[in-house]
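J.: This is the structure I want to talk about, given as structure tokens.
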Amino acid sequence: MAPLNKKIQKFLKDSIRVAPKISKKGELAELRNGLVSPYPQTRKDAIKKTIQQMTLGKDVSSLFPDVLKNIATNDVEQKKLVYLYVMNYAESHPELCILAVNTFVTDAQDPNPLIRCMSIRTMSMVRVDKILEYVEIPLRRTLQDDNPYVRKTAVICVAKLFQLNQELCIELGVLEDLVSALDDSNPMVVANATAALTEIHGVDPSVVSLPKLINSHVSQFLLALNECTEWARITILGALADYSAKDSLEAQDIIDRVSAHLQHVNPAVVLATIKVIIRNLPQIQQQNFKAISLKLSSALVSIMSTPPEMQYVALKNIRIILEKYPELLVKELRIFYVKFNDPLYVKLEKIDIMVRLVDATNLKQCNLLLTELKEYAMEFEPEFVSKSIQGITQLAIKYSGEKFVSKALDDLLELVDRTENLKDDCCIAMCDLLRHCPTNEKIASDICALLNSWAVPESSLISDAAKCNYIWLMGHYPEKFTDLEGKLDQMIENFVQEECMTQASILMTVVRLHTQLPGSTLQNVLEMATTSVNEIDIRDMAMIYWRCLSMPNSDTLVDQLCKSVAPIFENALDNFSTETLEKLLNELSTISSIYFRPQSVRAKRYVLRQNIVRGKRMDELKDMAKNEIAKNMNDDVLLDFGDDEPKTSSSGNVSSNLLDDLDDIFGFNSTGATTSSETKDMQSSTNKMNTSTTNTQDLLNLF
Amino acid sequence: MSSCIYILDENLEPLISKNIKSIPNLRYIAQLFKRVYEPASPPITTSLNWHFIRIKRDSLIFLSAVHTSDYDCDIMCVISFLDQFHLLLKKFLETPVLDRNMILDNVLLIMELFEETIDFGIVQSTESSILKDYVRIKINMPDSTIINQLRDASAKDSEESDNEAKKKSKRVSGMPDLYKYLQISKSTNEKKTSTKDTFDEEGVDTYNSFIANTTVMPISWRTKGIHYGKNEFFLDVIERVQYFMDFEQGIIRTNLIHGQIFCKSYLSGMPKLKIAINKLLKRDAQFISNSKFHQCVSLESLNEKEIQFIPPDGDFVLCKYELKRHVNDPPMLKLSSYEVKAKIKKYKVQILVTIETHFKGQNSTSGLSVKVPLSQIFKDYEIDLRKPARFKSSTGNVLFNLSEDFLLWEVGAMKGGHGETKLSMTAEFALFNKEEYEKEVEELRNSMNPPPIREGPKLEELYKQIHEDDVSKTISLASNLVTMRFEVPYCTCSGLKVEYLKIEEEQLQYQSFPWVRYKTVSDEEYAYLV
């Protein structure tokens, strides 16, 4: 740059600096003056200030025409700002937005690709029907643009348009253009097209046959994979995970091509890669399995050194993968040890994983884990402690050796001794252990000795499950308890207030021991159970017992009822059904993997829930709508809901269900409860109309 | 994919929101989240028709709402994006910690960043060096915070920042226009005012449309036409050692190394870099399977025992790795003895702590501090704080933190060795002597003299005040840990070494200056359970 040139520039800048500055207050009048100022610098400042006010939640929609005037500029930055503003208020000022359409359409042909992108990006986001009608030509043109950057933006716009107006989108036939974008030479365009198609497929699977398209484009995907941004890779890997390989060779090929991505730094890329590999794993030759599972395990381990939120998702997914391939992480137990600064939700998941992960034939490992779990049980977060104690039982039952079980029991006894408030959890845990080895005399007597020593069991146990277990134990080992009658009586006293598990347990135990207890106890319990209990199951149970007891050969009958032996408690860990597991494996990293509920199941529930909860939700929404109206009497966004209504409902979009509800409510609220506010609104809107028409004329002159 | 994204403050008030899928009434969704939010709940919660996915960073919550009908949404991708966006904001705002006001002051900047990074839920790019070409809004920071930050930074590692500053000033001179703007805000405050005008002249330029090409090229992380007067490349290998040992039982629970290779690239053109790392050359299986690389690294090249890449401009993390250490590998800093000796007869309790080093003798630690917990001792013994506690250490100072019950032994530099370099510290507290106390009370009651004047703060009263509320609180695991904080420069715990670093730029053929540094630091979890 020549020095003279620089000087001239400086001179020009200095002369412009005379332009009035906008103060920080952001008064509407001042902003309006600024927006129409003859100095470009001032206008730009004013736009910035306006948008700042907008994002702070202040209503600056009345400046719409003035801001819009600034859209015709060569300054990209300023244009960006105006677009930002237009997007925000387009809904409330559809009539004015029409004026911007012209600029949108011209900008879509601008020689600068950035401007072309911006215009099409904004245009397809505006929830105004009339604008969407103009979108056809620009969209079509940009889809065929020479510049891949523009094309990659345009393909996403198709998905946007589809979401806002399905019919229009199909009518225009841009979906075909989108499909052909999968064959684009540029990998980023391919990736975005895939993402857009996935999005559309999610809204309405009948419109595009995504699985078919993926099938026919696998080679393009594999090629594009190494040549695009990390985010695009996630999309492409996601598509590849939906593809089932034809034979073991192809499966192996896919795995080989993607497995380098296991070493990517972004955990989302890693998880997406794992998903692809898991999908193809059942098909490959057995001899290659080992090498791949090694890679998989180190990739899974590496996600454990990410921030806790990602660890949480990873742990959930590991849980699913482990169920299919339990040997995968057997050597990595240590990685899942709880750190003292882990958040609670990570701690809980880690315990779950460790118990599942541990090799039940490896005593050393089980011992290690047991010490670890015991350590956790001495922490202070109650949920964490409960989970650890539960983990100890699960582990003991998994390993199953009687020696190990008694070791676990010793630990539990020690824990109860140490901390007062663990009684509940330990009681449940110990009874579970006993159910696992019902024949072991020592375990039984140890447990009973401890529980017998508790002075007032009904006040030291809080949870339903713990009480239930305690009573169960009394019923099964009555000879090991002293003052059995007294202890039972304490429990029976609160019979009616107890929860149903405890009630059932009391009922069974009393019937079981009826020969050892005074007759009045049995009579009393049966009476309470049949008359004062609300739970139908308990009443029925009591009825049956009563009938049995009043039969002629009641003793043998009751004996038979009570002596039936429950099957040995073999597995304290819950598993998925094979069908669920297969589905979940295909849905790794999605929301299904977090809640362990595959899609179809959830979809049904979703519909169901809507029907059931609707009544309650209506009330909530009504209240909210009322509040909203009261608060923002001139909030244009809300008022315009009426205008949008036909569009959103006609598009049949699931996502707008809730909003439809709101719209409906608003509909009858405005006629009923808030007539006064409506009249005010009417006034204000007519006022606005007047001002806007004058402004419109201004603008019309401009174009 | 995400329907909308919010940044919320601690009180769950939305500071900024981005409507990604044209959802009407964003406010309603934020209110819904506020109703269902519980701090301890998992990062993914569902209410009505919305899944809320959130991450908590600094004092802010980054929240993404996904509609329940969107079954295919990749949750990991959403979280990863929020995380990257947070890092991006920190880079753009040039601050180590974000807060509420920074967000509110830079609303425009953040809105534009959203616009460029995510389109209809589909993430486009989070590469800061590229985005800096698209988003050119000036950061808006109150001057005081900048000064504070500078002060903080310099206090942290004055030596380092001096060097950095020197280097930086050199770099500024050779910087192209495009980068001037970024550099200015980095340099000192005084400079800022003076250079502001020049920036106004040159910085705000029309957007060059060639930047649009970069994101769609195979090398999406680097623009063409970067030029520096002096071509430098800085590579820092930083290893974080995580170590956790149950001292009583002698069981080592964790012994891990988290390594990261940080790079700062100030190179012109499209340079190709080749780095050889001894671990990779020797085909260290553990390293190969537990390392992660930045997207710029051609993952195929790893098979050729070299890391080949075209670096993005500026700062980035080239590689992250995690190495397990053998249980018998000694930790770099070892607690060799920890004893609590109670001399009941003398009414005293002593804590003896000895540490030793296990790394090369020519290196030494910088900023070593050892935190010794006291809660257990205060619980077990009746300690009389009216009498002064005494501390003795071979080097460094010992500080007594009354409110959080620990001793901080600030050692500073400690030489390396293989167990022969030892340092020890002794702390002595007086035990409550009932007889003596009663005698004193008796004396005071009978004598005419005023009670003796005590100088200094009355620790016992302070202690009482502070610990009044938490009498019943049980002692958690965390308050029984001897933790160590340290840094060992010029040394990697794993022995990782960069064998060579080649920089080649075919067209420009310039001379370049690669710099390699090593450092080992302690992880948050470097502790002994006593």
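The values are calculated or read from the model by the stated rules, or taken from the named source; none is laboratory data. This structure is a prediction, so every number in the text was calculated from the model and none was measured. Cβ placement follows ideal geometry from the backbone for every residue including glycine, while neighbour counts extend to all protein chains displayed.
J.: I need the full set of residues from the stretch A:322-351 which are surrounded by fewer than 20 Cβ atoms within 10 Å (Cβ to Cβ), part of a helix (DSSP H, G or I) and among the charged types (D, E, K, R), in order please.
T.: The answer is A:GLU323, A:LYS324, A:LYS331, A:GLU332, A:ARG334.
J.: Just one of B:LYS324, B:LYS305 is facing chain A (nearest Cβ under 9 Å), within 19 Å of A:GLN263 (Cβ to Cβ), surrounded by fewer than 19 Cβ atoms within 10 Å (Cβ to Cβ) and of a type in the set (Lys, Arg); which is it?
T.: Only one candidate passes the filter, namely B:LYS324.
Quick grid of which residues meet (1) in the same structural domain as B:LEU423 (by TED's automatic domain parsing); (2) surrounded by fewer than 21 Cβ atoms within 10 Å (Cβ to Cβ); (3) of a type in the set (Phe, Trp, Tyr); (4) farther than 29 Å from B:PRO514 by Cβ:
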residue	(1), (2), (3), (4)
B:LYS292	no, no, no, no
B:CYS319	no, no, no, no
B:THR357	yes, no, no, yes
B:GLU382	yes, yes, no, yes
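J.: Mind checking whether some residue in the stretch A:448-456 is in contact with a Lys or Arg (Cβ under 8 Å, 6 or more places away or on another chain), of a type outside the set (D, E, K, R), free of Cβ contacts under 8 Å to residues at least 60 places away in the same chain and within 22 Å of A:GLU570 (Cα to Cα)?
T.: yes
J.: Of the numbered conditions (1) facing chain B (nearest Cβ under 8 Å); (2) more than 19 Å from the chain's Cα centre (by Cα); (3) not hydroxyl-bearing (Ser, Thr, Tyr), A:LEU296 satisfies every one except a single condition; which is it?
T.: Against the list (1) facing chain B (nearest Cβ under 8 Å); (2) more than 19 Å from the chain's Cα centre (by Cα); (3) not hydroxyl-bearing (Ser, Thr, Tyr), A:LEU296 comes up short only on (1).
J.: A further question follows. With surrounded by fewer than 22 Cβ atoms within 10 Å (Cβ to Cβ), hydrophobic (A, V, I, L, M, F, W, C) and within 38 Å of the chain's Cα centre (by Cα) as the only criterion, which of A:CYS437, A:CYS500 stands out?
T.: Residue meeting the stated conditions: A:CYS500.
J.: Has the stretch B:56-73 got at least one residue that is at positive phi, within 21 Å of the chain's Cα centre (by Cα), touching a residue at least 12 places away in the same chain (Cβ under 8 Å) and more than 10 Å from chain A (Cβ to nearest Cβ)?
T.: Yes, the stretch B:56-73 contains a residue that is at positive phi, within 21 Å of the chain's Cα centre (by Cα), touching a residue at least 12 places away in the same chain (Cβ under 8 Å) and more than 10 Å from chain A (Cβ to nearest Cβ).
J.: While we're on this one: If you take the residues in the stretch B:94-110 that are in contact with a strand residue (DSSP E or B) (Cβ under 7 Å, 6 or more places away or on another chain) and surrounded by 20 or more Cβ atoms within 10 Å (Cβ to Cβ), which one is farthest from the other protein chains (Cβ to nearest Cβ)?
T.: B:ILE110
J.: Restricting the search to the stretch B:1-55, which residues are in a helix (DSSP H, G or I) and more than 11 Å from every other protein chain (Cβ to nearest Cβ)?
T.: B:ALA30, B:PHE33, B:LYS34, B:VAL36
J.: Can you tell me how many residues within the stretch A:194-203 are in contact with a Ser or Thr (Cβ under 9 Å, 6 or more places away or on another chain) and within 14 Å of A:PHE221 (Cβ to Cβ)?
T.: 3
J.: For A:VAL207, indicate whether it is within 14 Å of chain B (Cβ to nearest Cβ), touching a residue at least 12 places away in the same chain (Cβ under 8 Å) and of a type outside the set (Gly, Ala, Ser).
T.: no
J.: Which condition number in (1) more than 10 Å from chain B (Cβ to nearest Cβ); (2) surrounded by 15 or more Cβ atoms within 10 Å (Cβ to Cβ); (3) polar (S, T, N, Q) is the one that A:SER185 fails?
T.: Result: A:SER185 passes all but (2).
J.: Residue pairs, Cβ under 7 Å, 6 or more apart or interchain, first in the stretch B:380-391 and assigned to a strand (DSSP E or B), second modelled with pLDDT under 85. List them.
T.: Final answer for the pair search is B:ILE383/B:PHE432.
J.: So for the stretch B:267-279 (the condition being more than 13 Å from chain A (Cβ to nearest Cβ), closer than 30 Å to B:VAL372 by Cβ and not polar (S, T, N, Q)), does at least one residue qualify?
T.: No, the stretch B:267-279 contains no residue that is more than 13 Å from chain A (Cβ to nearest Cβ), closer than 30 Å to B:VAL372 by Cβ and not polar (S, T, N, Q).
J.: Here are the criteria: (1) at pLDDT below 90; (2) closer than 30 Å to A:ALA377 by Cβ; (3) surrounded by 13 or more Cβ atoms within 10 Å (Cβ to Cβ). Tell me which single one B:GLU468 does not satisfy.
T.: If we test B:GLU468 against (1) at pLDDT below 90; (2) closer than 30 Å to A:ALA377 by Cβ; (3) surrounded by 13 or more Cβ atoms within 10 Å (Cβ to Cβ), just (3) comes out false.
J.: Of the numbered conditions (1) surrounded by 11 or more Cβ atoms within 10 Å (Cβ to Cβ); (2) closer than 30 Å to A:SER244 by Cβ; (3) at pLDDT below 85, A:SER589 fails exactly one; give the number of that condition.
T.: Checking A:SER589 against (1) surrounded by 11 or more Cβ atoms within 10 Å (Cβ to Cβ); (2) closer than 30 Å to A:SER244 by Cβ; (3) at pLDDT below 85, the one that fails is (3).
J.: Looking only at residues in the stretch A:244-286 that are touching a His at 6+ places or on another chain (Cβ under 9 Å) and at pLDDT below 90, which one is farthest from the other protein chains (Cβ to nearest Cβ)?
T.: A:HIS264
J.: From the list A:VAL105, A:VAL126, A:VAL135, which residue is closer than 30 Å to B:ILE103 by Cα and at pLDDT 75 or above?
T.: A:VAL126
J.: Within the set of pairs 6 or more residues apart or between chains, which connect a residue that is over 23 Å from B:LEU299 (Cβ atoms) and assigned to a loop (DSSP other than H, G, I, E, B) inside the stretch B:216-227 to a residue that is modelled with pLDDT of 80 or more and among the charged types (D, E, K, R) with Cβ atoms less than 9 Å apart?
T.: Between residues of the stretch B:216-227 that are over 23 Å from B:LEU299 (Cβ atoms) and assigned to a loop (DSSP other than H, G, I, E, B) and residues that are modelled with pLDDT of 80 or more and among the charged types (D, E, K, R), the close pairs are B:ILE226/B:ASP313.
J.: Going by the structure shown, is B:PHE316 of a type in the set (Phe, Trp, Tyr) and assigned to a strand (DSSP E or B)?
T.: So B:PHE316 passes the test.
J.: Which of the residues spanning the stretch A:127-156 are more than 8 Å from chain B (Cβ to nearest Cβ) and either among the hydrophobic types (A, V, I, L, M, F, W, C) or touching a strand residue (DSSP E or B) at 6+ places or on another chain (Cβ under 6 Å) (or both)?
T.: A:VAL128, A:ILE131, A:LEU132, A:VAL135, A:ILE137, A:LEU139, A:LEU143, A:ALA154, A:VAL155
Residue-wise test of (1) within 26 Å of A:LYS49 (Cα to Cα); (2) touching a Gly at 6+ places or on another chain (Cβ under 8 Å).
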position	(1), (2)
B:THR68	no, no
B:ASP74	no, yes
B:CYS77	no, no
B:LEU82	no, no
B:PHE85	yes, no
B:LEU89	yes, no
B:MET102	yes, no
B:ILE110	yes, no
B:GLU116	yes, no
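J.: Have a look at A:ILE320, A:ILE335, A:ILE351 and point out the one that is among the aliphatic types (A, V, I, L, M) and touching a residue at least 60 places away in the same chain (Cβ under 8 Å).
T.: A:ILE320
J.: For A:ASN266, only one of the following conditions fails: (1) of a type outside the set (Ser, Thr, Tyr); (2) in contact with a Phe, Trp or Tyr (Cβ under 6 Å, 6 or more places away or on another chain); (3) crowded, with 23+ Cβ neighbours inside 10 Å. What is its number?
T.: Every listed condition holds for A:ASN266 apart from (2).
J.: With the checklist (1) under 20 Å from B:TYR518 (Cα atoms); (2) not hydroxyl-bearing (Ser, Thr, Tyr); (3) not in a helix (DSSP H, G or I) in hand, flag the one item B:LYS279 doesn't pass.
T.: Status for B:LYS279: all satisfied but (3).
Listed here are the residues, each with its yes/no results for (1) at the interface with chain B (Cβ under 9 Å from one of its Cβ atoms); (2) of a type in the set (D, E, K, R); (3) assigned to a helix (DSSP H, G or I); (4) touching a helix residue (DSSP H, G or I) at 6+ places or on another chain (Cβ under 9 Å).
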{"residue": "A:GLN311", "(1), (2), (3), (4)": "no, no, yes, yes"}
{"residue": "A:ILE320", "(1), (2), (3), (4)": "no, no, yes, yes"}
{"residue": "A:CYS366", "(1), (2), (3), (4)": "no, no, yes, yes"}
{"residue": "A:THR371", "(1), (2), (3), (4)": "yes, no, yes, yes"}
{"residue": "A:GLU375", "(1), (2), (3), (4)": "yes, yes, yes, yes"}
{"residue": "A:PHE380", "(1), (2), (3), (4)": "yes, no, no, yes"}
{"residue": "A:ALA396", "(1), (2), (3), (4)": "no, no, yes, yes"}
